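Throughout, read-outs are computed from the coordinates displayed, never taken from laboratory work. Because the structure is predicted, anything quoted here is derived from the model rather than measured. Don't worry about glycine lacking a Cβ; one is built from the backbone with ideal geometry, like all the others, and counts go over all protein chains shown.
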Amino acid sequence: MNSARRSLRLIGLLMVFAMLAVLAVSGVGAQDAKILVTGLNMVGADPDNSLDPSLSSTVQSIQILDELYIGLTHLNEITAAVEPGMATDWTISEDGLVYTFNILQNVPWVRFNAESGAVEEVTDESGAVRYVTANDFIYGITRTLDPVTGGDYAYVLAPYIVNGVEFNAGEAAAEDLGIRAVDDYTLEITSPEAVGFAINIYGLWMARAQASWMLDEFGDTWVEAENRQTYGPFAMKSWNHDQDITIVKNPFWPGTEAVPQPALDEVVFRLLDDTAQFAEYQAGTMQAAVPPSAEIDRIKADAALSEQYYAGFDSCSLYYGFNWEKAPFDNVNIRKAFSLAIDRESVVNDVTRDGRIASRWYSRPGITGAPTLENNPDLGVSFDAAGAQAALEAGLADLGLSSAAELPTITLGFGDTEYNNLVAQAVQQMWAETLGIEVQLSAMETTTYFDVIEVDAPQIFRAAWCMDYPDANNFLYETTRSDSPNNYTNWSNAEFDALVDEARVSTDQAARAEMYARAEEILVAEDYALAPIFWYVTRQVVSPDVTRTFSSIGLERYEKWDFAG
Amino acid sequence: MAQFITRRILWMFVVLIVVSVITFFLMRAVPGGPFSREKPLPPQVIENLNKKYRLDEPMLNQYLGYMGDILVPKVTTERIRPNVLEDYLINIPLPFMGEETYFRWMNFGPSYKARSRSVNDIFEEHLPVSFQLGVVALGVALLIGIPLGIVSALKRNTVYDYAGMGVAIMGVSVPVIITGPLLQYLFGVQLHLLPITGWGTPAHAILPSFALGFTYSALIARLMRASLLQVLNEDYIRTARAKGLSERMVIIAHALKNSMIPVVTVIGPLFALLVTGTFVTETIFGIPGLGRYFVTSITGRDYSVIMGTILLYALVLVISNMLVDIVYGWLDPRIRYT
């Protein structure tokens, strides 16, 4: 080997060492800054929502908002219990109407400074740090309810603030709202009626503090990362529309028992569909991802991946409703037959195969007031072929028919997505096998379908409800009470209405649980107003390097996540 | 030629106006609206929103208002606080008329879904991404397709022809939804050579532009082959051979140029299709392009985004077809425009 070649080889070796050194240094750097890369499935949802507390409506945007702004009260992700958020404590007047919140006094507004690469406190014209005050909450709440804002979720908050509904309808002035600052750090909210879960609602994303001076300065562009001011455990570092959102630890967040200072330095949310997320996860470039449902079987069979997989309760409940005004579903036995003939376990285990949980009643178990699976082993409906056939016989006898062939044509309507089709075809087959009835499927373009079921629902229609706040009232009062605009079944039952009315204002949680359990029994197993199908789950794969909490509310609390070791 | 171009540009405006009328009234005839939700909004909220976006006015007024915002220029003398209702594409300062005086033109309206963004915001941010991807993919399609077609035609009924056309048929029949994830798995997950998703560096463009370009290369290869075969039978090719030109000269100087006409014809619409965004490719590869807005705007009844994307597509299509017509004249001297 000649010397020239040898020196070339030496240079080559040196270059390799140099590259290794660079890699090692950057590797150390990456470990020093704890950056978690995860995914948000935004495809098919609204093309990146505005991430505006007054406007946002998708669970993906609320996930981000919950890290940037903390509510007066805060929802524990594991127990779904109400904890202190920006309010250290609160008192409720004896009549249950007036809530007085004491607000944390040491939380500054912050923004991410791209030039210095650091989160900095926001100052006013005189150079003094701006702290979050009761007035910022009043501004945020007023902006949400302002009819000019046109907030999707104003209607959830409006009924629990005096004159909220009227102001939102343009019939009252902002000054008439039942909300006032006793002093900078004491906020008083007056509700027109005493309801226990109002405390939950005051903590929701549409009731957060907002920075009036920032909106004045930047107009609609305040949402962008370079303009946005926040105060929660994380601040917004960057937002590349349709691509990724990066939040960065806010060192000025004081940390509370419920909302500690984050251990992670940054969380990067990549906006990808689930197939792409899972590919990135497998390549090791993302530490958490939502796997596609088609991969769940493979994940469960894989020794390593099955350990990294977690499915927790999400916020939604899917059902097939019966339109009581359309024959033959004006007959209770016919409704019963159709409900009992659905093998929900088979739907989730053999058809969707994505970890969703077969439901026996409507409201999502585990939220305040709702029945739990442990305490109510016999509540609700489940698959019962013999019972379904007996009910069909009884129903036909009621109608004076001799066979199911004499029934009018029955149609199941749903929004035309691949998933809805899959479930509908499976249930259609179950009805054919158990009842011998061939149901027509009517798949409609999704947005058209939303309008159709509101005006004139098909005999059987697919619908789902995702809770706004974790209380059974949100399901049973707001969507199935006889006068609810979300009740497409045209069903009404005085006993049910009385139960949900009473449970709504009761503060005795044990009594409420009993009332809601009874209400569910009437809804799904006496009147058979609707057939529950399954409860949704959130699916995740998370790297074993990550320590985390296991959420049951469909939202993660990244301030409690960390890298192990 | 100048006259031809002027006439085509005038026609372009007519086409765009017709497209805007049809799109506007067709989309409004479809049931549902931008505020239809699975969880329906209370009537009061919908009323508030309709008022904010002027959707409560008579349909004709809305159309005229929309077109007026785009076509009629405005001169503003006071500072406009950034807001999605008044976001103009063209803002030219007129300092001689006052400090805050601007000439403003072309406001394509707010998005009703991404409520803090205007259609102009969406175009400015996402069209360049789709454009880059589309141009590279078109380049890939031509670089693969044209040589493949030429080789197949010249070596007709040989193993080269069969292999070339086999590749072409595969390209046509295997869609991006298959090739995309396959490429991602091979080059990203297994070999760690290329980024799987995202956008920003040239490396990010390799997989998606190949996946996208490959599909269309097949179309171009087949067109190229058929066209070249036909041209090779023309009289003027026989003449060229008869006057003693080498086979190479015959192909390059006479056959190729003339056989490009069908290929150039499809490049026009293909260019319009590719540069305005491709929903499936952008979704698979996590590319923040414009393609998704063509689809989500329709499912979400995001009226102004529907109008914006359709008009943009129509504009690009009309312009690229005009360029194709001009290229015809260069390719085939028999074609002349007056």
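Below is a table of values for the structure above.
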item	result
Cα gyration tensor, chain B - rounded (a/c under 1.5), prolate or oblate	prolate
Nearest-ten-degree value, helix A:59-68 long axis tilted from longest Cα axis of chain A	40
Cα centroid separation, region B:7-47 to region B:263-338 (Å)	20
Calculated from backbone phi, Karplus (6.51, -1.76, 1.60) coupling profile of region A:418-430 in Hz, x at Gly/Pro	4, 5, 4, 4, 4, 5, 5, 5, 5, 5, 4, 5, 4
In degrees, nearest ten, helix A:494-505 long axis to first principal axis of chain A (Cα)	30
Distant-in-sequence amide H partners of A:Phe234 (H built 1.01 Å from N, under 5 Å)	A:Asn250
Net charge, A:Tyr558 excluded, C-beta distance under 13 Å - Lys, Arg +1, Asp, Glu -1	-3
Span-rule helices in chain B, defined as complete DSSP H runs reaching 27 Å or more along the axis (Cα) with Kyte mean at least 1.6	B:2-29, B:303-331
In sequence order, calculated HN-Hα J values of region A:510-525 (Karplus, 6.51, -1.76, 1.60; Hz; x Gly/Pro)	5, 5, 4, 4, 5, 5, 5, 5, 5, 4, 4, 4, 5, 4, 9, 10
Environment charge of B:Ile319, counting only residues whose C-beta is closer than 13 Å and scoring Lys/Arg +1, Asp/Glu -1	0
Fewest-first sequence of A:Asp274, A:Asp220, B:Asp56 by Cβ atoms within 10 Å of each Cβ	B:Asp56, A:Asp274, A:Asp220
Cβ-Cβ FRET estimate between B:Arg156 and A:Asp297, R0 fixed at 51 Å, reported to 0.05	0.55
Within-15-Å neighbourhood charge of B:Met224 [Cβ basis; K, R +1; D, E -1]	+4
Sequence-distant residues sharing a close amide H with B:Lys113 (under 5 Å, placed H)	none
Segment B:Arg81-B:Thr101, extension gain: residue separation times 0.36 nm, minus the distance between their alpha carbons	5.8 nm
Long-range HN-HN contacts of A:Leu441 with modeled amide H, under 5 Å	A:Leu412
Acute angle (nearest 10 degrees) that the helix A:3-32 long axis makes with the longest principal axis of chain A, alpha-carbon atoms	60
Region B:84-144-region A:483-559 distance, computed between alpha-carbon centres (Å)	45
Relative contact order of region B:241-336, defined on C-alpha pairs under 8 angstrom at six or more residues apart (%)	31
For region B:121-192: rounded, prolate or oblate by the Cα gyration tensor [a/c cutoff 1.5]	oblate
Prolate/oblate/rounded call for the protein assembly as shown, Cα gyration tensor, a/c under 1.5 rounded	prolate
Normalised contact order of region A:42-238, rounded percent, pairs of Cα under 8 Å and 6 or more residues apart	29
Cα centroid of region B:165-218 to Cα centroid of region A:327-376, whole Å	43
CD proxy at 222 nm, helix term only [per DSSP H run n ≥ 4: -39500 (n - 2.57); per residue of the protein assembly as shown; nearest 500]	-13500 deg cm²/dmol
Using θ = phi - 60° and Karplus 6.51 cos²θ - 1.76 cosθ + 1.60, couplings along region A:345-360 (whole Hz; Gly, Pro as x)	4, 5, 4, 7, 8, 9, 9, 7, 6, 10, x, 5, 10, 4, 9, 9
Relative contact order (%) - chain A, alpha-carbon pairs under 8 angstrom, separation at least six	18
Within straight-line cross-link reach of B:Lys52, lysines at Cα separation under 29 Å, skipping those fewer than 8 residues along the same chain	B:Lys39, B:Lys74, B:Lys113
